[in-house]
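Enquirer: I am attaching a structure below and will ask some questions about it afterwards.
The values are calculated or read from the model by the stated rules, or taken from the named source; none is laboratory data. Every value quoted in this text rests on a predicted model; they were computed, and no experiment measured them. Here Cβ is always computed from backbone atoms with ideal geometry, including for glycine, and neighbour counts include all displayed protein chains. Keep in mind that these areas ignore ligands, DNA and RNA; they rest on the heavy atoms of the full protein, side chains included. Shrake-Rupley method; radii C 1.70, N 1.55, O 1.52, S 1.80 Å.
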Amino acid sequence: MERIVVGMSGGVDSSVAALLLKRQGYDVVGVFMKNWDEQDENGACTATQDWGDVQAVCDHIGIPYYAVNFEKEYQERVFSYFLEEYRKGRTPNPDVLCNREIKFKAFLDFALQLGAGKMATGHFVKTGALHGHTTLLKGADPNKDQSYFLYMLKEEQLQKAVFPVGDMTKAQVRALAFEAGLPVSQKKDSTGVCFIGERNFRQFLQGFLPLQAGEMQTEDGRVMGRHIGLSYYTLGQRKGLGIGGGGDGRSWFVVDKDLKRNVLVVAQGEDHPRLYSRYVRASQATWVGEPPGAEGAPFRCAATFRYRQADQPVEAVWRGQDLYLRAEQPQRAVTPGQSVVLYDGDRCLGGGIAEEAGMRPLADLVTK
RNA sequence: UGGGGUAUCGCCAAGCGGUAAGGCACGGGACUUUGACUCCCGCAUUCGUAGGUUCAAAUCCUGCUACCCCAG
């Protein structure tokens, strides 16, 4: 009987994943990862609660369970990067790294050590086969697809992974959990940075980053207020600026960060031109399988510039680790540090990390 | 301390005798395995202040205070 180790978070998705594998006759082992040791704002350790849920679920399903601790790995491979990016005034997405480095590396290795042939998670994605290669596909539930977070995985990693709920909708998952009597069937979906959880982001960052207050200015230099530190804001952000009234009365948004002068540039109106860009340069390009096309050869595909965004038609070209994109439609608040993920239909090709974006063709951008 | 003007929620701003619009900010919620965006709900028993007129005033009158402008 083939053994499969399931990464269990204590949530509905991974619980149902374990349940399905068990029903399919696999030798299922549930493993809970504790990668962050800190209490939330209320002094409660959510990991303790989640671990309790994992135990309850596994007992219910009738499978053995363990807990592993990758705090060190998480700190070294994910969190340090996360902080470093913020220090540079960028807006990182730690979860894409977490998947590549922790869930589908450290954890995968651990699973193999336990004698498993494969590992499983509750991600809403699917794997497919194309010309003898394993591919990463969007989950069946368009509203829950999580391929955006997994684009950094390589084919080798995917070959060892199974995603039992990938072809289900969230509603189906919940219904199944309920029918099976899983104790977490009604548990609210968790959000926030993986393993760290939901929390007041500003407050959280303050524990790691210095506050370096400065001015908020309009493009033409009018001082609109003060900011507490450029790291604490992201492009396109509206809430938290504290600027009200003035101008045409519309809301204010962050349109730029001037690291040199420590000035947060703000502009009025959700449709402000400074908020949009069609040309994007991304770095650290990574491909699930073979790179799309030849180096330097433009190709058409779809892209998402943030989680849950609808596919955006783009023309792309890659050169080495660099990825250049020209979007057909102007994209709102493409932010340095955030991931750009490419698709061919439902197949996730890979992606990169946005470095710069604008409405004007940037140097080396796709030349038509 | 001559003349004129303005004082309504943190900000902007309706109101012009009939019992406080709206926008922004802010708070809460929804959505969401990043950060954001978005959506929904809430948000002045009170109109610089003290009196007066009136059945009734933020709206009219008077004093005071503050700020602005022009004169000095």
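Enquirer: In vacuo Debye scattering of region A:1-85, one point per C-alpha: log10 I(q)/I(0) at q = 0.14, 0.15, 0.23, 0.27 Å⁻¹?
Expert: -0.55, -0.61, -1.04, -1.22
Enquirer: May I pose another question? Return the whole-Å distance between the Cα centroid of region A:66-135 and the Cα centroid of region A:150-187.
Expert: Their Cα centres are 16 Å away from one another.
Enquirer: Output the peptides A:296-309, A:24-37 sorted from most to least packed, where packing is the average of other Cβ atoms within 10 Å over each peptide's residues.
Expert: Working: A:296-309: 16.6, A:24-37: 19.9.
So the peptides A:296-309, A:24-37, ranked by packing, come out A:24-37, A:296-309.
Enquirer: Pairs A:K138/A:K187; A:K160/A:K187; A:K22/A:K160; A:K118/A:K138: which exceed 22 Å Cα-Cα? Kindly include the intermediate steps, with their values, before the conclusion.
Expert: Values: A:K138/A:K187 24 Å; A:K160/A:K187 29 Å; A:K22/A:K160 18 Å; A:K118/A:K138 20 Å.
Among A:K138/A:K187; A:K160/A:K187; A:K22/A:K160; A:K118/A:K138, the Cα-Cα distance tops 22 Å for A:K138/A:K187; A:K160/A:K187.
Enquirer: What do you get for Rg/Rh over region A:295-364 if you use C-alpha atoms and the Kirkwood form of Rh? Provide the component values of the computation, followed by the final result.
Expert: Details: Rg = 11.1 Å, Rh = 12.2 Å.
That ratio is 0.91, to two decimals.
Enquirer: Can you give the angle from 0 to 90° between the axis of helix A:46-61 and the longest principal axis of chain A, with both taken from C-alpha atoms, to the nearest 10?
Expert: Long axis of A:46-61 versus the principal axis of chain A: about 30 degrees.
Enquirer: Provide the convex hull volume over Cα atoms per residue for region A:107-186, in Å³.
Expert: Numbers: hull volume 9.4 nm³, N = 80.
Taking the convex hull of the Cα positions in region A:107-186, it is 118 Å³ per residue.
Enquirer: Sticking with this one: Taking region A:250-343, which GluC sites (Glu not before Pro) meet the DSSP loop condition and have no more than 14 other C-beta atoms within 10 Å?
Expert: Values: sites: A:E270, A:E295, A:E315, A:E328; in loops: A:E270, A:E295.
For GluC sites (Glu not before Pro) across region A:250-343 that sit outside H, G, I, E and B with at most 14 neighbouring Cβ atoms in 10 Å, the list reads A:E270, A:E295.
Enquirer: Can you give the charge dipole size of region A:183-286 about its Cα centre, rounded to the nearest 20 debye, using +1 on the beta carbon of Lys and Arg and -1 on the beta carbon of Asp and Glu? Write out the running numbers ahead of the final one.
Expert: Numbers: 15 positive and 10 negative charges, 53 e Å.
Roughly 260 debye, rounded to the nearest 20.
Enquirer: How high is the relative contact order of region A:141-219? Use alpha-carbon pairs under 8 Å, at least six apart in sequence, and give a whole percent. Intermediate results must be reported in sequence, preceding the final value.
Expert: Details: 21 pairs, mean separation 14.2, N = 79.
Taking the mean separation of contacting Cα pairs over the length of region A:141-219, I get 18 percent.
Enquirer: Could you point to the residue in A:F104, A:Y276, A:L21 farthest towards the positive end of chain A's charge dipole, with +1 and -1 charges on the Cβ of Lys/Arg and Asp/Glu respectively?
Expert: Highest projection toward the positive end goes to A:Y276.
Enquirer: Still on this model: Considering only the other residues whose Cβ falls under 11 Å of the Cβ of A:G117, what net charge follows from Lys and Arg at +1 and Asp and Glu at -1?
Expert: Numbers: positive: A:R3, A:K118, A:K160; negative: A:E2, A:D27.
In short, +1.
Enquirer: Expressed as a whole percent, how much of the Cα-Cα distance distribution for region A:1-153 exceeds 26 Å? Don't skip to the end; give the middle numbers.
Expert: Numbers: 3399 of 11628 pairs.
Pairs farther apart than 26 Å: 29 percent.
Enquirer: Quick check on chain A: helices-only [θ] at 222 nm, where DSSP H runs of length 4 and up contribute -39,500 (n - 2.57) each and the sum goes over total residues. Nearest 500, please. Could the numbers behind the result be given before it?
Expert: Details: 10 runs with 75 residues, N = 368.
That calculation yields -5500 deg cm²/dmol at 222 nm.
Enquirer: For region A:156-248, what is the Kirkwood estimate of the hydrodynamic radius, computed as the reciprocal of the mean inverse distance between distinct Cα atoms, to one decimal in Å? Walk me through the numbers before you get to the answer.
Expert: Working: mean 1/r = 0.0553 Å⁻¹.
By the Kirkwood definition, the hydrodynamic radius is 18.1 Å.
Enquirer: Where q = 0.08, 0.11 Å⁻¹, what log10 of I(q)/I(0) comes from the Debye formula for region A:84-231, counting one point per Cα?
Expert: Each listed q maps to, in turn, -0.36, -0.62.
Enquirer: Still on this structure, I have one more. Excluding residues on the same chain fewer than 8 positions from A:K88, give the lysines whose Cα lies under 30 Å from its Cα.
Expert: A:K34, A:K72, A:K103, A:K105, A:K154, A:K239, A:K257, A:K260
Enquirer: Output the relative contact order of region A:272-368, whole-number percent, from Cα pairs under 8 angstrom with separation of 6+ residues. Write out the running numbers ahead of the final one.
Expert: Values: 235 pairs, mean separation 38.8, N = 97.
Value for region A:272-368: 40 percent.
Enquirer: Over chain A, calculate the relative contact order: mean separation of alpha carbon pairs under 8 Å at least 6 apart, over the residue count, as a percent.
Expert: Values: 801 pairs, mean separation 56.2, N = 368.
Value for chain A: 15 percent.
Enquirer: With unit charges on the beta carbon (Lys/Arg positive, Asp/Glu negative), name the residue among A:H131, A:T169, A:I61 whose Cα is farthest towards the positive pole of the charge dipole of region A:61-176.
Expert: The one lying farthest along the dipole's positive direction is A:T169.
Enquirer: Go ahead and set up a Gaussian network model of chain A, Cα springs under 10 Å, then flag whichever of A:H123, A:H60, A:H227 fluctuates most.
Expert: A:H60
Enquirer: In 10 Å bins starting at 0, how do the alpha-carbon pair distances of chain A split up by percent?
Expert: Each 10 Å bin holds this share of Cα pairs: 5, 22, 30, 25, 14, 4, 0.
Enquirer: Based on Cβ point charges of +1 for Lys and Arg and -1 for Asp and Glu, what charge dipole magnitude is obtained for chain A about its Cα centre, in debye rounded to the nearest 20? Walk me through the numbers before you get to the answer.
Expert: Values: 44 positive and 45 negative charges, 108 e Å.
Charge dipole of chain A: 520 debye, to the nearest 20.
Enquirer: Based on the alpha carbons, how large is the Rg to Rh ratio for region A:73-116 when Rh follows Kirkwood?
Expert: Values: Rg = 12.6 Å, Rh = 11.0 Å.
Looking at region A:73-116, the ratio lands at 1.14.
Enquirer: Tell me the angle of helix A:170-179 to the major Cα principal axis of chain A, expressed in degrees between 0 and 90 and rounded to the nearest ten.
Expert: Its long axis makes an angle of about 30 degrees.
Enquirer: Can you check what the Kirkwood hydrodynamic radius comes to for region A:209-261, Cα pairs only, in Å to one decimal?
Expert: On the way: mean 1/r = 0.0859 Å⁻¹.
The answer is 11.6 Å.
Enquirer: Related question: Over chain A, with every protein chain in place, what whole percent of the accessible area is carbon and sulfur at 1.4 Å, could you tell me?
Expert: Details: 7950 of 16610 Å².
Reported share for carbon and sulfur atoms: 48 percent.
Enquirer: Rounded to the nearest 5, what % of the DSSP beta bridges within chain A are antiparallel ones? Don't skip to the end; give the middle numbers.
Expert: On the way: 52 of 71 bridges.
So the antiparallel bridges amount to about 75 percent of the total.
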